[in-house]
1. Quick one: what does P(r) look like for the stretch 408-480 with 10 Å bins over all Cα pairs, in whole %?
2. For the stretch 523-528, just list the computed ³J(HN,Hα) in residue order, Karplus coefficients 6.51, -1.76 and 1.60, θ = phi - 60°, integers in Hz, with x standing in for Gly and Pro.
3. Please work out whether the stretch 135-233 counts as rounded, prolate or oblate from its C-alpha gyration tensor, where a ≥ b ≥ c are the square roots of the eigenvalues and a/c under 1.5 means rounded, while otherwise a/b larger than b/c means prolate and anything else oblate?
4. Looking at the square roots a ≥ b ≥ c of the eigenvalues of the Cα gyration tensor of the stretch 316-367, which shape do they give, rounded for a/c under 1.5, prolate if a/b is larger than b/c, or oblate?
5. Which FRET efficiency, nearest 0.05, do M542 and A29 yield, Cβ-Cβ r, R0 45 Å?
6. Please report, for the Cα atoms of the stretch 73-205, the Rg to one decimal and the Dmax as a whole number; what are they, in angstrom?
7. On the full set of protein chains, 1.4 Å probe, figure out the accessible area of V520 and give it in Å² to the nearest 10.
8. So for the stretch 140-183, what percent of the C-alpha to C-alpha distances run longer than 13 Å?
Amino acid sequence: MSKQTYKVCFCFRRRFRMAAAEAPAGIKALFEQYSDNGVMGVDHLHRFLVEVQKEENATVADAQDIMNESKHLNIFHRQGLNLEGFFNYLFGEVNPPLNPKLGVHHDMNAPLSHYFIYTGHNSYLTGNQLSSDCSDAPIINALHRGVRVIELDIWPNSTKDDIHVLHGRTLTTPVELIKCLRSIKENAFTASEYPVVITLEDHLTPDLQAKVAEMIKETFGDMLFSPGAECLREFPSPESLKKKVMISTKPPKEYLQAKEVKAKESASKPGKDSSEEEAWGGEFSFKAKIDDDKDDGLDEGDEDDGVDEEDPKSQQIAEPPEYKRLIAIHAGKGKGGMQDWLKVDPEKVRRLSLSEQELEKAVLTYGRDIIRFTQSNILRVYPKGIRFDSSNYNPLIAWMHGAQMVAFNMQGYGRSLWSMHGMFRANGGCGYVKKPDFLLMDGPHNEVFDPQAKLPVKTILKVTVFMGKGWYYDFHHTHFDPYSPPDFYARVGIAGVPGDTVMKKTKTLEDSWIPNWDEVFEYPLTVPELALLRIEVHEYDMSEKDDFAGQTCLPVSELRQGIRAVPIHNRKGDKYKSVKLLMQFEFV
């Protein structure tokens with residue numbers, strides 16, 4: 001046991017004992033139960049896997065493999081695992097909370113509209129929405145994370161003879177479209193073989209649209225899925241589109257020269273969104289904010305003009321035929337209001353885009369229509385234009401109404417983004433998660449799912465938070481507190497339908513790099529299919545805002561029961577090298 005010294009002032013130092021990570025009492029008790037004379041043999045471990053870890057199909061060979069993994073450690077006992085070896089197995093890489101052997105296990109042969117799809121917004125931005133650089137780097141990062149929908153805003157360059165990607169009417173510096181397309185081609189299928197959709201927000205003249213068509217065909221060649229100029233009657237399946245690239249945008253129409261718009265005072269002076277005040281984002285809210293749905297002078301969304309794609313008056317000049325033939329997923333709002341936008345045409349499927357505010361207002365009146373629309377068509381939801389800081393919104397509102405493309409600023413931060421990461425850790429991280437059946441079909445009396453209804457509890461998730469470790473190795477010893485070791489507490493809860501959403505908190509343990517909380521929480525779940533387990537660790541600070549110490553988010557539907565080592569991530573969603581929590585999950 002070593003000691004750590006903190007300097008308080010010129011002549012005074014505080015010394016703290018540094019305890020080694022030690023198995024909690026509950027783990028010691030389990031070891032006693034599944035061992036003999038301090039040694040856990042292969043048969044003991046096999047019984048532990050079946051009875052405690054709930055791995056009903058585990059074999060003696062599986063237990064032997066775990067033993068073999070421990071042989072390179074000095075703590076290995078020739079007859080099996082001692083307590084330290086058992087503790088290290090539980091905290092090891094071979095014991096994650098999601099089963100790595102599952103891989104892609106959802107049915108991938110249904111139409112695209114039957115899946116939640118990992119979707120980016122303004123995928124080319126490196127930072128804020130007003131003045132950051134545009135680059136192919138964030139596109140590459142998103143594809144490597146498993147994002148399947150990349151958004152590009154395409155504009156004429158200054159000489160009107162080439163195409164740039166940039167956030168229009170802002171100070172963002174452009175990047176060439178061809179560079180983005182080539183990077184998409186090179187990186188599209190590094191994380192997943194399932195299709196990549198490129199959504200184009202098009203601000204081009206017909207001659208430049210024709211040039212885009214040539215670029216796309218030349219870049220992607222046989223990778224491109226282009227069914228022709230007509231809308232599909234049904235979307236194809238992810239399985240049939242493996243290693244394919246699809247284009248989604250409005251059919252081309254007359255280019256209207258953008259008028260110079262004076263940026264509003266709010267646009268020139270970025271402000272914090274009230275829901276994202278903390279560095280890790282605000283707590284989820286299901287309350288509709290319908291009073292701030294105002295035009296901000298920024299073009300967000302790719303079909304905000306409301307012009308019907310079939311309106312001959314909007315087709316005042318000949319359409320570039322090649323460009324239109326490339327569009328696999330046709331977008332458009334059509335005439336009228338929300339009720340008209342959500343009409344289901346049995347002869348063709350399409351994509352509709354709504355801002356987060358439009359969705360929040362629409363679900364109050366048209367919730368059932370939205371769910372019926374998304375059974376066969378695709379709904380894309382995008383952040384409101386005043387999120388200058390690239391923050392995000394609560395994705396659950398969109399998911400529980402069946403929206404497939406919940407577009408997020410992947411270069412952003414905060415709890416909403418962590419939940420997005422958590423949702424798409426499901427199904428092998430392939431970027432497509434099959435929607436629950438209740439969002440795909442009507443009930444016996446033609447009713448649809450109502451997320452606001454009071455539903456019976458389907459299951460109870462019991463979570464034990466044993467302990468955490470690894471901060472001492474991943475952080476400087478004065479990172480959290482210059483005068484003493486950190487005071488950690490954990491927040492554990494559910495993001496889901498309103499009736500399931502809750503957060504609970506452990507006690508705060510003072511002056512310890514290896515907090516041993518050993519607390520149990522229970523979460524009754526009415527819709528476990530849409531539930532995400534949220535985990536955060538913070539360091540209590542008496543004088544200032546508590547410090548962030550890590551987070552992760554996991555799909556409840558794929559949690560492995562038993563005692564698991566849960567890797568913890570930073571604000572951006574990247575895994576820390578050493579930080580983990582030891583937790584137990586049970587469905588009771």
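The values are calculated or read from the model by the stated rules, or taken from the named source; none is laboratory data. Computed from a prediction, not measured in an experiment: that's the story for all the values here. Positions of Cβ are generated from backbone atoms using ideal geometry, with glycine treated the same way; all protein chains shown enter the neighbour counts. To get the accessible areas, we keep the full protein, side chains included, count just its heavy atoms, and leave off ligands, DNA and RNA. Shrake-Rupley method; radii C 1.70, N 1.55, O 1.52, S 1.80 Å.
1. Here the calculated profile for the stretch 408-480 is 12, 21, 37, 18, 9, 3, 0.
2. With the stated coefficients, the stretch 523-528 comes to 10, x, 10, 8, 10, x Hz.
3. In terms of gyration-tensor shape, oblate.
4. prolate
5. About 0.80, to the nearest 0.05.
6. Final numbers for Rg and Dmax: 22.1, 76 Å.
7. Solvent-accessible area, nearest 10 Å²: 80 Å².
8. 59
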